[in-house]
Amino acid sequence: MPRIESLDDLYDFLHLNKGLPVKYILTKIAQSKGKPTLSLQNKLTRKFFYENSEPVDDLVLFGEIDNPRIAQKIGLTNKDQIVFL
């Protein structure tokens, strides 16, 4: 799962499949005790998707936003939010 730390990383992640019918699921990584971590809701969503996504594996990509400023720019203001693009 790609980790997005800068605007360039975000652009590269989104531009990689330009012109293809790919959807993106973006989550925000929170910092807990100095270590990056996903919220329980985000972990469960990712686990559920991977266990049930065989027909659409090539059409949906997960990305984890590591930079709080970039997360805010795309609308991820809460640690439990998930953005579908």
Practice task
Give the number of residues within the stretch 48-76 that are modelled with pLDDT of 85 or more and exposed (fewer than 14 other Cβ atoms within 10 Å of the Cβ).
Solution key: 4
Exercise for the section: For the stretch 29-36, state whether one or more residues are at pLDDT 75 or above, surrounded by 12 or more Cβ atoms within 10 Å (Cβ to Cβ) and closer than 17 Å to R3 by Cβ. Expected result: yes
Completion exercise
Here the residues within the stretch 44-85 that are polar (S, T, N, Q) and part of a helix (DSSP H, G or I) are T45, N52, Q72
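The values are calculated or read from the model by the stated rules, or taken from the named source; none is laboratory data. Everything quoted here is computed from the prediction, not taken from an experiment. Quick reminder, even Gly has a Cβ in these numbers, built from the backbone with ideal geometry, and neighbours come from all protein chains shown.
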